[in-house]
1. Which residues, taken from the stretch 159-204, are under 30 Å from Ile140 (Cα atoms) and open to solvent by 80 Å² or more (accessible area, probe 1.4 Å)?
2. Can you pull out the residues in the stretch 823-837 that are open to solvent by less than 50 Å² (accessible area, probe 1.4 Å) and part of a loop (DSSP other than H, G, I, E, B)?
3. May I ask you to verify whether Lys145 is over 33 Å from the mean Cα position of the chain (by Cα), in contact (Cβ under 8 Å) with a residue 24 or more places away in the chain, within 30 Å of Ser228 (Cα to Cα) and open to solvent by 30 Å² or more (accessible area, probe 1.4 Å)?
4. Which number in (1) over 30 Å from Val373 (Cβ atoms); (2) without any contact (Cβ under 8 Å) to a residue 40 or more places away in the chain; (3) of a type in the set (Gly, Ala, Ser); (4) surrounded by fewer than 22 Cβ atoms within 10 Å (Cβ to Cβ) marks the one condition that Gly981 misses?
5. Among the residues of the stretch 701-737, write down those that are within 28 Å of Val470 (Cα to Cα) and basic (Lys, Arg).
6. Ser950 is checked against (1) touching a helix residue (DSSP H, G or I) at 6+ places or on another chain (Cβ under 6 Å); (2) at pLDDT 90 or above; (3) in a helix (DSSP H, G or I); (4) buried (at least 24 other Cβ atoms within 10 Å of the Cβ) and fails just one. What number does that condition carry?
7. Return the only residue of Gly136, Gly122 being touching a strand residue (DSSP E or B) at 6+ places or on another chain (Cβ under 8 Å) and on the phi > 0 side of the Ramachandran plot.
8. Under the condition of being among the hydroxyl-bearing types (Ser, Thr, Tyr) and in contact with a Pro (Cβ under 6 Å, 6 or more places away or on another chain), which residue from the stretch 430-478 is modelled with the lowest pLDDT?
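The values are calculated or read from the model by the stated rules, or taken from the named source; none is laboratory data. Worth saying up front: this structure is predicted, and the values here are computed from it rather than measured. Counting neighbours? That spans all protein chains shown, and the Cβs are built from the backbone with ideal geometry, glycine included. Accessible surface is based on the protein model in full, side chains and every heavy atom, while ligands, DNA and RNA are left aside. Shrake-Rupley method; radii C 1.70, N 1.55, O 1.52, S 1.80 Å.
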Amino acid sequence: MSACGEQEAYLVQDDILVRFHGYKRSVPGNVLYWALVVCTGGILHVVNSWFNFINIWFTLKRTSIDKADYIHVLDDRNKYLDVVVVRVKRIEGDLFNAEKFVPISEWKDPNWSHSLSSVFPGLSDNTVEQRKKLFGQCIIDIQEKSYLRLLYEEIVNPFYIFQIASIIIWCFEQYYYYACAIFAISAISIGATLISTKRTMRKIREMAMHTCPVTVLRQGIWTEVQSSELVPGDIFDLGSPNFSTLPCDAVLFGGDCIVNESMLTGESTPESKYPLGLDSDLLRNIDMAAHTFKPSVSRHIIFAGTELVRVRKTKSMYGLLNNSADGHANMRAMAMVLRTGFSSTKGSLVRSILFPRSTKFQFYRDAFRFVGVLAFIAVIGFTANTINLHRLGVSVSAIAKKALDLITVIVPPALPASMSIGMSFAAKRLRKQGIFCISPSRINVASKVAVMCFDKTGTLTEDGLDLLGVHVANQSTGAFAQMYSGSKEITSSVKKAQDGNIIDCVGKTGITVINALATCHSLRLVNNTPIGDPLEVRMLEFSGWEMEEVSGSLEIVVRPPPGAELSLENSSDVFNDKINHKMHISGGAALLATGCLNSIRILKTFDFAPELRRASVLVQQQGAHNNIEAYVKGAPEVIRTLCRPLTIPSDYTRILEEYTQQGYRVIGLAGKHMSHMPAGTTDEMLVRGSVESDLVFMGFLVFENRLKQTTAPILNELRQAKVRVIMCTGDNPLTAVNVARECSLIQQDVHVFVPEVLETECLGLDKQPAANLDSNKHGDANNSFELGQRLPTFNIIWKESTGKQIMLDSEAMVPVAKDYTDTEAASLAEELSRSGRYCIAVTGDAFGLFMKHGLGSTAIWKHILMRGLVYARMSPEQKAALVEQLQELGYITGFCGDGANDCTALKTADIGISLSEAEASVAAPFTSRITDISCVTRVLKEGRCSISTSFACFKYMALYSMIQFTSCCLLYIYNVNLTDGQFLYVDLFTILPITMCMNQTKPFRTLVPKRPSASLISKKVLTSLIGNILLIVGFQVAVYFITEAQSWYHRPEPADPGDPDSTPLQGDINTSIYLFSSFQYLFTGIVFSIGPPYRQAAISNYIYVAVVIVLLLFDLWVLLVPVKGFFSLFGLVHVETSWRFVILGMVAANFVLCYAGERFVFPWLAPRLAKIFRFVKLIYSRTLSRGRKQQQQLQQPLIASNVLKTAENGRYNSYSICNSESECPRLWERLGQRENRREYKLFLQKMAGGSDWY
């Protein structure tokens, strides 16, 4: 263990840097701390729950970590996280050799670095006990807090501490009814919170908790234990009865299985998992700390919490290693435990639900700053009223009580709750629509989304694909043959060649298109139904062949339909007797009985890998023992590089562009015939690279990918709202561009430029490559070369997608003519440069090169990011990198996807929305059961509604405090205050129902271009708040002075002349102030009930309208119809009838002015006040700098100009000096332009057509 007293560790799964400080207990400090707790009546202990450093400072002392009894855990900002008791100092054995804390999720058995045979025959008892001490039980056990503990944690919340203090003060002030009512409401609120918290925790615990019997291999013996007893390194049997849900993360060793991972990845299609080979180096190289694994790794990993759809047993490796002769006894589907408990993938999901990441949102910071301002106002009122009451001769104790009471008035304890209530209602409405949120704070962040990225397949387009046909390449003619729209024509071309092998329309012996269609997949059978990629399912259906599984192995057999198969009488193949599963694809084309089609065994499958963009299989025909066929399918540009050049048709490029420009999804198909396999070679020793090389190009599979019905309308709505829309897909760039045009993501008159990467070599003249500019975190860390070395470099040519004779200048990124003598092309390029009606489709190759060579921070790359609307052939890592790049430009970025390939991008984005059947997914903050992108606009609308509601509630609570504060201050002039009943009615029957009901207004039906502000100190909010406060306070003061001027007015006097504290609360001034202010509480709620453009009109909120009408009628009744019972209840006195109508008139005038100000005057006034403040700021800054500038600079005219920040430096001035008035707009106009703090807005100002570039 480390001898120092501090250590840092980065937790990859949680994306957080934590610090550890070592401490030992201090006995004298403990005695002193608890003595102070007793002396302060427990107050110190309560304060310590807010500021945890107090207990640490008293009771602990720093020491080295290896000697520590306690570990203080902090985050990267030195914020307290926890204090952990060190229970186990050191574990004997070789589990860890490090002299410091290491996250247990990163632990890896040293034996895994050797051959997999080293993990057999299982763990010893001593090893199991050691690992139990280190990793704990294999269970996600959330400790359910008792009601008493929950009650304590709730009560010590600053909100309730303030409530308790307020109730005590009110009791001293003899507001018993009001204090009891608030106490009752608080008690009910706490009780409801406790019940809700307990129910939620119990639900999460039930979801997380899972145990089941499992058969585990230990010391060579299979033993049944509970799953909670598993430890990393344990080998267990997946085929155990009733074993349906994985209790841990594990790597598959034997058999195969199909799992449903929707809860973890959002992928609705079940995934097939394959066992590791004995010679695999996966465990040696696996990154245990990674939150997600690469596809090449995850195909062997089964994750905790996933459901087993189907498990197949095979001969276990354990039996092979021990040379067991009993094959049936060794039929196993085995896996080895990798991670358990909270370190597993399911544990990560549970942690993300229990401890959602905090979001830095300006609204919350500004809100608490404003609370500080209110507290400052309270201090001013406290001081002024103390002086006044002292002048009246009021006792010191009474002054203290009244002053403290004033603080409870100005700082409303319900303010924090009112700020989050809109978010709670938004989350509830989203849940009703099938959109679940595990991080509610992200709802408000959704209000500021400026760019939305979408995956294509399954998100913008339908999951299912229609296979239009196969466009076969004829090797005899060197060109493409006809398009085959059915398997009948393809099958009819199959025949025996002279060498005895089969041949078809491709013209190469040993391989056929029909065999490729029937076998080049990774499908599995569940209840006689093929499970897997919908594209592969459609290929098998198109072929019309039958799929069967071989008992006792992982092999798949496909058979041609009856009548198309050769006689099997002379076949020596024995695998036909082992078939135990069979699936017949109905609906396939009728096949001709050619007598040339045999059953085919799939020997080896190489699944589709996103980084390789291809998949392949090795197959063998019945009876052809040494004749092997290899088939590969994938991206056309990748398949082309794997094929022999002479097999590529002469019209390859033309045919491919024809299909992709029409929006079809094109898959390349290739194969080769292998006459034999090297002696001694087994399936596990095959190298994928040798199989997927030296291929014969066979043709294109052409799929039609239809748009979802909602795609185009939703994208158009986002564009109208000036939310930039980006497509990010792994498909062909031209196909993606066509789909983008079809759904109006790219307008028809916008020209698209697609990159072509040309890699070259240059002679190194320096130790650093010329391309290594402004390296960033995506660049290579060791990018250095020796003098004279050949350096890799690249050039990107940006071609127009439809073949126009224009291109993009690679430095200026503006259209130019390929040939400057071509006047038509030059004219088009000039027009595009001026109008900006062009965009870029970036490929994964180009994106990767910019990241690899450290060009991610250059002006060219930022221009590409601003012009890019389509990103094609992007890997999962590149999708996440794109989101990060957009965030660095200042965009609040969203991402919407439906598959496991999008997980990283979904978590990286500010707003990630996963289209999944799961109720909650670790893949994203939002999970939508709505399988189209309409969920995006719903989340954005709810986000805008939520933030607007939060603003409305905050302003209403602020005005409520100022109204009551003003009333109390005016009444304190005569040492009186509002009565118990008046306080009770205002807080319980006016403020509470209005606040609750005004939050239930639903979002507006459309998104508008302007996004709501997230700043409470913006000019619009401050003008509104200050303006309404001035009107409210002004009218109350006017009522006060007018009341005093009335002939019937009686000044409040003490009942006992010798006791100033005996002044009765009831009186003319109290009645007038209360009657008037009771309407102010009501109409400020109406004024701040913001409707369009972010919320529906308040009139659509029927409950709110009903509450307002009832309260208005009641207040009018109390004002105009004196009722003795109500007067006694509220502590009112009778005043002149004419005066009542005067109050009503003043109420109407106050309401009209506040309403007109909020709707018309303040929005008009705000920008003009901002100009004045900016002008004052400009003059002030010029005055300060005058002494530092030369005389010639001082003589230049003071004309302001907004200078754009360049891409090369990070500084800019909002207003700088221009040489003449003609060079800059007028000062008043420029002062009206707000400083742009986000870099992308600055780029938009410089871009041609930037004002229309969403």
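1. Taking the stretch 159-204 as the starting set, the residues that turn out to be under 30 Å from Ile140 (Cα atoms) are 190-204.
The answer is Ile195, Arg199, Arg202, Lys203.
2. Gly836
3. Working: over 33 Å from the mean Cα position of the chain (by Cα): no; in contact (Cβ under 8 Å) with a residue 24 or more places away in the chain: yes; within 30 Å of Ser228 (Cα to Cα): yes; open to solvent by 30 Å² or more (accessible area, probe 1.4 Å): yes.
When the stated conditions are applied, Lys145 does not pass them.
4. The failed condition is (2).
5. Arg706, Lys708
6. Among (1) touching a helix residue (DSSP H, G or I) at 6+ places or on another chain (Cβ under 6 Å); (2) at pLDDT 90 or above; (3) in a helix (DSSP H, G or I); (4) buried (at least 24 other Cβ atoms within 10 Å of the Cβ), Ser950 violates only (2).
7. Numbers: Gly136 fails: touching a strand residue (DSSP E or B) at 6+ places or on another chain (Cβ under 8 Å).
The unique qualifying residue is Gly122.
8. Our first condition is that a residue be among the hydroxyl-bearing types (Ser, Thr, Tyr); within the stretch 430-478, this holds for 439, 441, 447, 457, 459, 461, 476-477.
Keeping just the survivors that are in contact with a Pro (Cβ under 6 Å, 6 or more places away or on another chain) gives 439, 447.
Details: Ser439: 78, Ser447: 93.
Across the stretch 430-478, the extreme among qualifying residues is Ser439.
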